[in-house]
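In what follows, a structure is listed as structure tokens, so that the remarks can point back to it.
The values are calculated or read from the model by the stated rules, or taken from the named source; none is laboratory data. Treat the numbers as computed from the prediction; the structure is a model and nothing was measured. Because the Cβ atoms are built from the backbone with ideal geometry, glycine has one as well, and the counts that use them run over all protein chains shown.
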Amino acid sequence: MDTTVRKMHIFSDHSAAVYGLAEGRTPGTFFSASGDRYIVEWSVKSLQQQPFVVKLDQSPYCIKYLLRFNLLVAGNAAGGIHVIDTKNKSEVRHLTIHQKGVYDLVEDTSQSLLYAAGGDGCLSVWRLPDFELLRNIPFSTEKIRQLALSPDGTLLAIACGEGKVRIVDTAFFNELYTLHAHSEGATSVAWHPQKKVLVSGGKDACLHLFHTEDSFRSLMKIPAHNFAIYSIAFSPDGKNCVTASRDKTIKLWSPQSFDALGRIDPASGGHTHSVNDLLWLGNSRFLSCSDDRKIILWEM
């Protein structure tokens, strides 16, 4: 393991794979979503569970806390979207537009919208906070695995199961660019916080970089992992980048050159199964979660 990364704590109370992570209700807290059907809030200060725990009727694949509305949104394995009032821990809405699992949720604060990535290949667009369905747009014959909103909020990148990354505008949801990103499914996507670059990851285990101000011209393709890349996460200050993969590893990258800087694997104290999601808590600490039922807190 790279000596610049230190394992701080293991949260190991889930009884099934942990699929998703999200920022919590207050600084220093986070939510986790697990195949045991529980969503749990944790504190990285006390290293303990918080009083907030909810159990769903289906496994949650992804979660998003909407701070402005005190609402927690969870996409489940059957295609449902649960809307939970975090003050009284009660479900206030259950949205059922998708026919297959919901894999990602992104809030567009500038327009008060929520975007959901469906396993049925559709992107659904919901108005906040009333959750009126505005659009349900088929973009792929395969699942949509991940979404990423551009820093200025005008573009949405959509990672599709046939290997394409589609770039759409957030005004009318027209498809502006179709990037042939991966030979197999596109599984992750992220906008670089400091450079005019979009980064995607795929089942082909590669990272693909595109120039966002030159018609998304391909810049480089990097053999990065051994299996699908499920998460690409930049620290808020743009000085660190980590990726997570089904190959059980987390890798550290230079955000400037995309040279590999380090690797966390089972032999060096990392996860023993697929690493499913990453979440930065500030600029020096991040979380990882895995099929091994663990959430690990790391410090740079």
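Tally time: how many residues in segment 7-30 are in contact (Cβ under 8 Å) with a residue 24 or more places away in the chain and part of a loop (DSSP other than H, G, I, E, B)? Residues that pass the stated criteria total 9. Test each condition in (1) crowded, with 19+ Cβ neighbours inside 10 Å; (2) over 21 Å from Ser245 (Cβ atoms); (3) under 20 Å from the mean Cα position of the chain (by Cα) for Pro193 and report the one that comes out false. Pro193 satisfies all of (1) crowded, with 19+ Cβ neighbours inside 10 Å; (2) over 21 Å from Ser245 (Cβ atoms); (3) under 20 Å from the mean Cα position of the chain (by Cα) except (1).
On the given criteria, is Pro129 surrounded by fewer than 22 Cβ atoms within 10 Å (Cβ to Cβ), over 20 Å from the mean Cα position of the chain (by Cα) and modelled with pLDDT of 95 or more? Give the derivation first.
On the way: surrounded by fewer than 22 Cβ atoms within 10 Å (Cβ to Cβ): yes; over 20 Å from the mean Cα position of the chain (by Cα): yes; modelled with pLDDT of 95 or more: yes.
Yes, satisfied.
For Arg145, the criteria (1) of a type in the set (D, E, K, R); (2) crowded, with 21+ Cβ neighbours inside 10 Å; (3) outside any strand (DSSP E or B) hold in every case but one, which is (3).
Listed here are the residues, each with its yes/no results for (1) closer than 24 Å to Ser231 by Cβ; (2) touching a His at 6+ places or on another chain (Cβ under 7 Å); (3) acidic (Asp, Glu).
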{"position": "Glu41", "(1), (2), (3)": "yes, no, yes"}
{"position": "Ser46", "(1), (2), (3)": "no, no, no"}
{"position": "Phe52", "(1), (2), (3)": "yes, no, no"}
{"position": "Tyr65", "(1), (2), (3)": "yes, no, no"}
{"position": "His98", "(1), (2), (3)": "yes, no, no"}
{"position": "Thr109", "(1), (2), (3)": "yes, no, no"}
{"position": "Asp130", "(1), (2), (3)": "no, no, yes"}
{"position": "Asn136", "(1), (2), (3)": "no, no, no"}
{"position": "Leu149", "(1), (2), (3)": "yes, no, no"}
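Could you tell me whether any residue of segment 79-89 is buried (at least 16 other Cβ atoms within 10 Å of the Cβ), under 26 Å from Lys239 (Cα atoms), under 18 Å from the mean Cα position of the chain (by Cα) and of a type outside the set (D, E, K, R)?
Taking segment 79-89 and keeping what is buried (at least 16 other Cβ atoms within 10 Å of the Cβ), we get 79-84, 86.
From what's left, under 26 Å from Lys239 (Cα atoms): none.
No, there is no match, as no residue in segment 79-89 is buried (at least 16 other Cβ atoms within 10 Å of the Cβ), under 26 Å from Lys239 (Cα atoms), under 18 Å from the mean Cα position of the chain (by Cα) and of a type outside the set (D, E, K, R).
Among Leu219, Leu261, which is the only one that is free of Cβ contacts under 8 Å to residues at least 40 places away in the same chain, over 19 Å from the mean Cα position of the chain (by Cα) and assigned to a strand (DSSP E or B)? Exactly one residue qualifies, and that residue is Leu219. Checking each residue in segment 118-149 for being farther than 22 Å from Leu71 by Cβ, hydroxyl-bearing (Ser, Thr, Tyr) and touching a strand residue (DSSP E or B) at 6+ places or on another chain (Cβ under 7 Å) picks out only Ser140. When the test is whether a residue is at positive phi and surrounded by fewer than 22 Cβ atoms within 10 Å (Cβ to Cβ), Phe258 passes it.
Assess whether Thr4 counts as being polar (S, T, N, Q) and free of Cβ contacts under 8 Å to residues at least 40 places away in the same chain. Step through it out loud before you land on a result.
Numbers: polar (S, T, N, Q): yes; free of Cβ contacts under 8 Å to residues at least 40 places away in the same chain: no.
No; evaluated as a whole, the condition is false for this residue.
Figure legend. Inter-residue proximity from segment 96-117: first residues over 20 Å from Val165 (Cα atoms), second residues of a type in the set (Val, Ile, Thr) and part of a loop (DSSP other than H, G, I, E, B), beta-carbon distance below 8 Å, spacing 6+ or different chains. Indicated pairs: Gln111/Thr170; Leu113/Thr170.
From the list Asp204, Asp237, exactly one residue is in a loop (DSSP other than H, G, I, E, B), out of contact with any Cys (no Cβ under 8 Å at 6 or more places or on another chain) and buried (at least 21 other Cβ atoms within 10 Å of the Cβ). Which is it?
Values: Asp237 fails: buried (at least 21 other Cβ atoms within 10 Å of the Cβ).
Selected residue: Asp204, the only one of Asp204, Asp237 that is in a loop (DSSP other than H, G, I, E, B), out of contact with any Cys (no Cβ under 8 Å at 6 or more places or on another chain) and buried (at least 21 other Cβ atoms within 10 Å of the Cβ).
Considering Thr178, Thr243, the condition of being modelled with pLDDT of 95 or more, part of a strand (DSSP E or B), surrounded by fewer than 20 Cβ atoms within 10 Å (Cβ to Cβ) and not aliphatic (A, V, I, L, M) is satisfied by Thr178 alone. His14 meets all of the listed conditions (1) in contact with a His (Cβ under 9 Å, 6 or more places away or on another chain); (2) surrounded by 14 or more Cβ atoms within 10 Å (Cβ to Cβ) but one, namely (1). Without any contact (Cβ under 8 Å) to a residue 12 or more places away in the chain and either charged (D, E, K, R) or over 21 Å from Gly20 (Cα atoms) (or both): does that describe Ser268? Judged against the criteria, Ser268 is not a match.
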